[in-house]
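Single-structure report; data block below.
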Amino acid sequence: MSEPFLIGDSMTGGYGKGPDILHDCTIAVDKGEIAVIVGPNGAGKSTGMKAVFGMLDVRSGAVRLDGEDITKLSPQARVRKGMGFVPQTHNIFTAMTVEENLEMGGFIRTDDIRETIEQVYELFPILREKRNQPAGELSGGQRQQVAVGRALMTKPTVLMLDEPTAGVSPIVMDELFDRIIEVARTGISILMVEQNARQALEIADKGYVLVQGRNAHTGSGKELLADPEVRQSFLGG
Ligand SMILES: Nc1ncnc2c1ncn2[C@@H]1O[C@H](COP(=O)(O)OP(=O)(O)OP(=O)(O)O)[C@@H](O)[C@H]1O
Ligand SMILES: [Mg+2]
């Protein structure tokens, strides 16, 4: 079998000199696919994402993107390689306008970013309407659109989203998932953490259940949704 487009392979490590949080943890996503990471609070989902993005040193294991070992690269260097990341918190500049947030997102670009801003507005029309408003004044769902839009500004090949639907209503969640599917259809790989496990696994090509920093269950979204143990322990039966 060929290697996934992006893989954090058997990652073990933690924060600074602290204890290991990840234990031989593997998460991966294929080209244009959606991979979803679920698991209880404190399971290490965000830590796994940070490890893949280079925000924490892995003691062992590796991260490879399109076959290249990027384990030693800084997050900034990974962005230049085509990775976009939307963290779980503090993912927008609240005092800046929507459009300024998008412009900031394109900071590494030296070419014309106008076309990409247009693409973001086409994906999230409400952001065009609110483009001159401070992002901090927007609703939760709209802020998440700003955060995703900002990450799209570097024209990533893989987009990593840590709980993109946190704190939004079920209707807004469905809309966000639809937009995320739309992004994946353009060929961008999506690796995301989700609290709404059932709904997220429904749209996932691949799913990972993490428990205490370890891979507890891995499979297609459908397989995990059908697995009695996963249902019982993580999906509420
Ligand atoms: N910056 C940090 N420094 C030290 N320990 C941390 C740090 N961030 C998280 N941890 C610890 O790492 C473990 C995993 O946390 P993490 O945030 O990765 O979990 P999570 O699965 O994303 O949880 P949640 O569902 O609440 O977002 C926890 O024990 C947490 O206390
Ligand atoms: Mg988290």
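The values are calculated or read from the model by the stated rules, or taken from the named source; none is laboratory data. These numbers come from a predicted model, not from an experiment. Reconstructed Cβ throughout: ideal geometry from the backbone, glycine too, with neighbour counts over all protein chains shown. Keep in mind that these areas ignore ligands, DNA and RNA; they rest on the heavy atoms of the full protein, side chains included. Shrake-Rupley method; radii C 1.70, N 1.55, O 1.52, S 1.80 Å.
The number of residues in the stretch 149-171 being open to solvent by less than 10 Å² (accessible area, probe 1.4 Å) and assigned to a helix (DSSP H, G or I) comes to 2. Inspect the stretch 32-54 for any residue being within 16 Å of ligand 2 (Cβ to nearest atom), in contact with a helix residue (DSSP H, G or I) (Cβ under 7 Å, 6 or more places away or on another chain), of a type outside the set (A, V, I, L, M, F, W, C) and on the phi > 0 side of the Ramachandran plot and give the result as yes or no. There is at least one residue in the stretch 32-54 that is within 16 Å of ligand 2 (Cβ to nearest atom), in contact with a helix residue (DSSP H, G or I) (Cβ under 7 Å, 6 or more places away or on another chain), of a type outside the set (A, V, I, L, M, F, W, C) and on the phi > 0 side of the Ramachandran plot. Contact annotation: residue pairs with Cβ atoms under 8 Å, 6 or more positions apart or on different chains, pairing a residue in the stretch 42-54 that is closer than 9 Å to Phe85 by Cβ with a partner that is part of a helix (DSSP H, G or I), are Phe53/Pro75; Phe53/Arg78.
Against the conditions (1) within 15 Å of the chain's Cα centre (by Cα); (2) among the aliphatic types (A, V, I, L, M); (3) modelled with pLDDT of 95 or more; (4) not in a helix (DSSP H, G or I), Ala200 satisfies every one except (4). Under the condition of being among the aliphatic types (A, V, I, L, M) and within 13 Å of ligand 1 (Cβ to nearest atom), the residues counted in the stretch 163-199 number 4.
Going by the structure shown, is Asp57 more than 16 Å from ligand 2 (Cβ to nearest atom), part of a loop (DSSP other than H, G, I, E, B), without any contact (Cβ under 8 Å) to a residue 24 or more places away in the chain and not hydrophobic (A, V, I, L, M, F, W, C)? Step through it out loud before you land on a result.
Values: more than 16 Å from ligand 2 (Cβ to nearest atom): yes; part of a loop (DSSP other than H, G, I, E, B): yes; without any contact (Cβ under 8 Å) to a residue 24 or more places away in the chain: no; not hydrophobic (A, V, I, L, M, F, W, C): yes.
No, not satisfied.
Within the stretch 210-223, one or more residues are open to solvent by 10 Å² or more (accessible area, probe 1.4 Å), touching a Lys or Arg at 6+ places or on another chain (Cβ under 7 Å) and either more than 29 Å from Gly82 (Cα to Cα) or modelled with pLDDT of 95 or more (or both). Could you please tell me which pairs satisfy a Cβ distance under 8 Å, a separation of 6+ or placement on different chains, a first residue in the stretch 1-22 that is surrounded by fewer than 15 Cβ atoms within 10 Å (Cβ to Cβ), and a second residue that is assigned to a loop (DSSP other than H, G, I, E, B)? Filtered contacts from the stretch 1-22: Glu3/Gly67; Tyr15/Leu56. Scanning the stretch 106-139 for residues that are closer than 20 Å to Gly84 by Cα, in a helix (DSSP H, G or I) and either in contact with a Gly (Cβ under 7 Å, 6 or more places away or on another chain) or open to solvent by less than 80 Å² (accessible area, probe 1.4 Å) (or both) yields Thr116, Ile117, Glu118, Val120, Tyr121, Leu123, Leu127, Ala135. On the given criteria, is Asp66 under 16 Å from the mean Cα position of the chain (by Cα) and away from ligand 1 (no atom under 16 Å from the Cβ)? No, not satisfied.
Tell me which residues, restricted to the stretch 177-186, are closer than 15 Å to Gln142 by Cα and surrounded by fewer than 20 Cβ atoms within 10 Å (Cβ to Cβ). Answer for the stretch 177-186, where residues must be closer than 15 Å to Gln142 by Cα and surrounded by fewer than 20 Cβ atoms within 10 Å (Cβ to Cβ): Asp178, Arg179.
Scanning the stretch 65-105 for residues that are open to solvent by less than 10 Å² (accessible area, probe 1.4 Å) and farther than 17 Å from Val158 by Cβ gives Val98, Asn101, Leu102.
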